[in-house]
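Single-structure report; data block below.
The values are calculated or read from the model by the stated rules, or taken from the named source; none is laboratory data. The shown structure was predicted, so the numbers you read here are calculated from the model rather than taken from an experiment. Cβ coordinates were reconstructed from backbone atoms using ideal geometry, including for glycine residues, and neighbour counts include every protein chain displayed.
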Amino acid sequence: MNFFLVKKTFFDMWDNMLTVFLLNIGFVLVGGAAVYLPVLLGFNVVFSYVGVACGIAIFFLYSGAASLVARNMTDYQTTGLRDFLEYFKTTWKQSTFFAAITVVQALIVLVAFPFYLSVGGVLGVAAMSLIFWVSVVWWISSQYFYAVRARLDESLRKIVRKSFLLFFDNTMFSLVLAFGTVVIIVLSAFTAFLLPGIATVLIWHQGALKLRLLKYDYLEENPDANRKKIPWDALLIDEKERVGHRTLRGMIFPWKE
């Protein structure tokens with residue numbers, strides 16, 4: 001299933017190359033704004049922090065709308081600018097909440113770690129360890145946030161709850177997902193994040209949840225089935241047919257196939 005997810009993500013990106021490229025240009029612009037705002041407001045420490053928070057909020061607001069575009073790509077649908085604007089209107093609350101959690105999480109790590117490091121001793125080490133692991137669990141679980149919003153629920157409480165449930169019920173898969181996210185980001189650095197870019201990260205997350213939900217559909221239909229032995233080959237038949245068999249020649253020169 002993991003290897004097919006990699007294949008599907010690549011071809012979903014390839015089949016929507018122009019849209020992915022345009023989305024990534026947007027990510028570069030909003031990312032630049034997120035970096036520039038604190039510098040612009042750097043004449044005052046408080047304003048500088050406000051600039052950081054606003055920059056993060058802008059980035060997440062854009063990501064929320066882009067995540068629904070990514071969902072459409074993984075569902076083999078097309079999306080236009082009008083859809084993006086509509087998606088922005090429907091996701092801004094969840095995106096703002098996600099941004100706020102990220103800011104708070106970052107502040108806790110930046111403030112609490114130095115404090116407990118200065119405290120030292122067993123208490124300091126225990127506190128730092130707790131903060132570290134809670135942060136790691138949240139960061140990995142948060143990969144599901146936009147995908148859950150797109151496919152399962154719009155309630156903030158339920159989105160967070162289901163994100164954690166997905167992590168704890170699919171821990172190894174979630175770690176694979178996190179590793180793939182890091183790989184995509186590292187590869188994107190070589191192209192100034194234009195390709196594969198953050199848009200492909202969202203495709204990766206959306207595709208991951210879409211395929212993982214097949215497991216829960218199967219278990220719902222077969223409550224006595226072994227949860228550790230999911231027949232992925234059978235569950236992925238339709239998706240594999242949709243992705244199809246591709247050749248390098250056909251990808252570059254599709255009209256010659």
Check: Can you tell me which residue in the stretch 138-160 is farthest from residue 89 (Cα to Cα), limited to those that are under 13 Å from the mean Cα position of the chain (by Cα) and aliphatic (A, V, I, L, M)?
Finding: 140
Next item on the list: Give me the pairs, please: first residue somewhere in the stretch 154-176 and touching a residue at least 12 places away in the same chain (Cβ under 8 Å) and more than 27 Å from residue 228 (Cβ to Cβ), second residue anywhere and surrounded by fewer than 16 Cβ atoms within 10 Å (Cβ to Cβ) and among the hydroxyl-bearing types (Ser, Thr, Tyr), beta-carbon distance under 9 Å, and either six or more positions apart or on two chains.
Entry: 154/90
Check: Do we have residue 147 as part of a helix (DSSP H, G or I), touching a His at 6+ places or on another chain (Cβ under 9 Å) and of a type in the set (Gly, Ala, Ser) here?
Finding: yes
Note to self: Against the condition buried (at least 17 other Cβ atoms within 10 Å of the Cβ) and modelled with pLDDT of 95 or more, how does residue 200 come out, does it pass?
What the structure shows: yes
Margin query: When you scan the stretch 4-18, do you find a residue that is more than 30 Å from residue 107 (Cα to Cα), touching a residue at least 12 places away in the same chain (Cβ under 8 Å) and touching a Pro at 6+ places or on another chain (Cβ under 8 Å), even just one?
Written below: yes
Margin query: List pairs: first residue in the stretch 70-91 and in contact (Cβ under 8 Å) with a residue 40 or more places away in the chain, second residue in a loop (DSSP other than H, G, I, E, B) anywhere in the structure, Cβ distance under 7 angstrom, at least six positions apart or on different chains.
Written below: 73/16
Notebook entry, point to check: What number goes with the only condition from (1) surrounded by 14 or more Cβ atoms within 10 Å (Cβ to Cβ); (2) part of a helix (DSSP H, G or I) that residue 217 does not pass?
Noted result: (1)
Next item on the list: List every residue pair whose Cβ atoms lie under 7 Å apart, where the two residues are 6 or more positions apart in sequence or sit on different chains, the first residue falls within the stretch 126-138 and is among the hydroxyl-bearing types (Ser, Thr, Tyr), and the second residue, located anywhere, is in a helix (DSSP H, G or I) and surrounded by 13 or more Cβ atoms within 10 Å (Cβ to Cβ).
Entry: 135/105; 135/109
Next item on the list: Select, from 188, 141, the only residue that is closer than 22 Å to residue 107 by Cα, among the hydroxyl-bearing types (Ser, Thr, Tyr) and in a helix (DSSP H, G or I).
Entry: 141
Check: Of the residues that make up the stretch 31-50, is at least one at pLDDT 80 or above, within 16 Å of the chain's Cα centre (by Cα) and crowded, with 19+ Cβ neighbours inside 10 Å?
Finding: no
Next item on the list: Collect the residues in the stretch 77-124 that are under 20 Å from residue 138 (Cβ atoms), modelled with pLDDT under 90 and surrounded by 14 or more Cβ atoms within 10 Å (Cβ to Cβ), keeping them in residue-number order.
Entry: 102, 103, 105, 106, 109, 112, 113, 116
Next item on the list: Among residues belonging to the stretch 7-18 that are touching a helix residue (DSSP H, G or I) at 6+ places or on another chain (Cβ under 7 Å) and surrounded by fewer than 20 Cβ atoms within 10 Å (Cβ to Cβ), point out the one that is farthest from residue 241 (Cα to Cα).
Entry: 14
